[in-house]
Each structure stands twice: as structure tokens, then as C-alpha cells.
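Input: a single structure, listed below in C-alpha cells.
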Amino acid sequence: MDYLLIISFFLIALIYASVGFGGGTSYLALMAVMGVSFEVMRPAALLCNVVVVTGGTIIFYREGLLNLRRIWPFMVFSLPMAFLGGYYPIREAAFFRILGITLVVAAFFLWFYDRFRHEANSAVDHSMASGALLGGGIGFLSGLVGIGGGIFLSPLLHFLRWDQARNISALASVFILVNSISGLAGQFTRSATLDWGLILPLLAAVLLGGQLGSRWGARKFQAAQIRRVTALLIFIAGMNILINHWS
């Protein structure tokens, strides 16, 4: 096992959990660079998401930041679509092309995350519309690629002024948890490859990183510069994947 990979997963979980994310995009980017097969990458990233955001969801719930009345539309629409995305028989070439595009777009959202946060100064009640369009679309992409989708949902909800920043981070955590479990169910229903020798040490690393990040995030932990460095690395990885697989 590459210790650099374990340390990297720990740091990714720490940074992403601080804003309610699971880190799936960065896990995938790192595994793609390390040459992990795409059959192993998808379930591995989703399992790491589940470990990170489960702890985060519990912490946000204890902090009183989860409003189930407002978040249920996102769950209703995203859950079946994430399952369909995980079940869909995607080919390797198509997977890496979609992954590359996803990473480039995710880098944009992560880079400008704080700017989106500044826009969110009031709560607007349009949960059903947001749930149908954002929940369903991001849910399908989540299951297809192997991400939780929070990195897309959270900035968009800030831009739409859906709620206050900490409440959106709490929603993102639950959203990622639901999508990751549903996407895994879709993948396992068709077929999924698990390399436990690779996955178990990574799960331990993200468990520790996620717990630390979630606790700091619930107390307004800020790491804007670190997130921008992460966004840059994701962008480079995404462009490298597109260059190598777009032919």
C-alpha cells in the first residue's frame, strides 16, 4: 500500500468534510493518476464518501443544522437517479471522459466556493424545484461517476440563496450520504469490483480525516487557500484525464 495515497486521502477528507463534502472528486482524481482501474475506483470513492459524511451528518444533526422538512425533496429525487447512474453499464473510455469533465467543472465550483458562500445571506423557499432539477440531475451523475454530488449542489444552493451556509453544508453531507449509498447499490446490483487490500487502509484514513474536518466545519472552520490549491490539483488531473482518454 502506498503511504502517500493514505496520507492524501486523509487530507482530502479533512478539507472536504470541513464544508460538508465527502471528497469523491479528489479520491477519483488521485486514483486515476495512480493508475487504479476504473472498476475499482467507483465503489472505492463512494465507500470513502459514506465513511466521511456519515460522521459529518451525525455532527450536523447534533448541532441542530438539519431541517428535514426542507431537505427531503432532494433525497426523493436524487436517491433513484443515483441508483440508475450506478446501475448504468458505462464503458471505460466514456467513464474517463465524463470523469475528466466532472473534475474540471468541480474545480471551478471549489475554486469559487467562498464567493458563492458570500451570496447566501437569506433563505429562499424553492425546495421542490431545487430538489427536482438539482437532486435528480446531480444524483444520476453521482452514481454514474462515483461521487456524492455535494461539490456541485452546495455552491449552487448558495447562489440560489437556499439557506444559510452551515445549513447548506449540513444538507450537502446528507445528500452525499444518500447518493453514495444509492450509487453503490446500483453498482452492486449490476457488478462491482472491490479491492479490500486497497480500500480498507483508505477507509481508515478518511474516517479520521472526516471526523476532524466535520468538527471544525461545524464551528466555521475556514480553509479557503487550501480549497483553492485542491481545486487547482483537481483541474490539472481532470485535464490530464481528458487529454489521455479523448481519442
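The values are calculated or read from the model by the stated rules, or taken from the named source; none is laboratory data. Every value quoted in this text rests on a predicted model; they were computed, and no experiment measured them. Backbone-built Cβ (ideal geometry, glycine too); neighbour counts: all protein chains shown.
A few comments on the model shown:
- Some residue of region 52-61 being touching a His at 6+ places or on another chain (Cβ under 7 Å), over 18 Å from Leu184 (Cβ atoms) and buried (at least 20 other Cβ atoms within 10 Å of the Cβ): no
- Some residue of region 119-127 being at pLDDT below 80 and either in a helix (DSSP H, G or I) or under 22 Å from Ser26 (Cα atoms) (or both): yes
- Of Arg97, Arg42, Arg69, all but one fail to be of a type in the set (Lys, Arg) and free of Cβ contacts under 8 Å to residues at least 60 places away in the same chain; the exception is Arg69.
Listed here are the residues, each with its yes/no results for (1) of a type in the set (Val, Ile, Thr); (2) under 17 Å from Thr193 (Cβ atoms); (3) at pLDDT below 90.
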residue	(1), (2), (3)
Phe9	no, no, no
Ile59	yes, no, yes
Leu68	no, no, yes
Pro80	no, no, no
Gly86	no, yes, no
